Amino acid sequence: MKVVAICSGGGHMAELKRALPHVNGLNITWITASSGYNAVKKMPNTLYICDPHTSKLMFLVNFVQSLYFFIKTRPQIVISSGAGLCIFYCLICKVFKRKLLFLETGARISTPSKTGMLLYKYADLFIIQSKCLLKYYPKARVGLLK
């Protein structure tokens, strides 16, 4: 089964890696930001995407990269913990009827993230780490990372 794990670097990636350590038999491809720590430490089985965080032009670049990476990876399942660089990839995957699992970051205890609010309605499984977020995500499952 082909799985893509897409997230920004830093805490988002650390959380996603903690959530996936015991997954056996899956072919996981990582997609992450092409800057900062991730650019210095090249990881195997990883594709690098631009973070459109600050530029409208970079949103267009991110969309084109997302479409290209979708064609290249052809995942059956997409797992993400945010942030904004994952939006287009996740939406493209839903257009092609792939499963989407979204893990709201543990840094969000009482307020939802913008990415979470956008992808909540598209996610097949939406996991939160704080029960306080149930008022924003009523169909979410509460699951704490250890």
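The values are calculated or read from the model by the stated rules, or taken from the named source; none is laboratory data. Remember, it's a predicted structure, so these values are computed and weren't measured experimentally. Please note: Cβ atoms are built from the backbone with ideal geometry, for glycine as well, and neighbour counts cover all protein chains shown.
Things worth noting here:
- All of (1) within 19 Å of T46 (Cα to Cα); (2) modelled with pLDDT under 95; (3) not in a helix (DSSP H, G or I) hold for T105 with one exception: (1).
- Within region 118-140, the set of residues being farther than 15 Å from I77 by Cα, under 17 Å from the mean Cα position of the chain (by Cα) and surrounded by fewer than 14 Cβ atoms within 10 Å (Cβ to Cβ) comprises just one member, K121.
- Leading residue by the ranking (surrounded by the fewest Cβ atoms within 10 Å (Cβ to Cβ)) among those in region 39-93 that are aromatic (F, W, Y) and either part of a helix (DSSP H, G or I) or on the phi > 0 side of the Ramachandran plot (or both): Y68
- Count - residues of region 50-102 that are of a type in the set (S, T, N, Q), within 24 Å of R141 (Cα to Cα) and out of contact with any Asp or Glu (no Cβ under 7 Å at 6 or more places or on another chain): 2
- T115 falls short on exactly one of the conditions (1) surrounded by 13 or more Cβ atoms within 10 Å (Cβ to Cβ); (2) assigned to a loop (DSSP other than H, G, I, E, B); (3) not hydrophobic (A, V, I, L, M, F, W, C), and that condition is (2).
- Cβ-Cβ under 6 Å pairs, at least 6 apart or on other chains, region 115-135 side farther than 17 Å from F88 by Cα, far side aromatic (F, W, Y): F126/F102; F126/Y120; F126/Y137; I128/Y137
- If you filter region 15-38 down to residues that are at pLDDT 80 or above and among the hydrophobic types (A, V, I, L, M, F, W, C), you find that the one that is surrounded by the fewest Cβ atoms within 10 Å (Cβ to Cβ) is I28.
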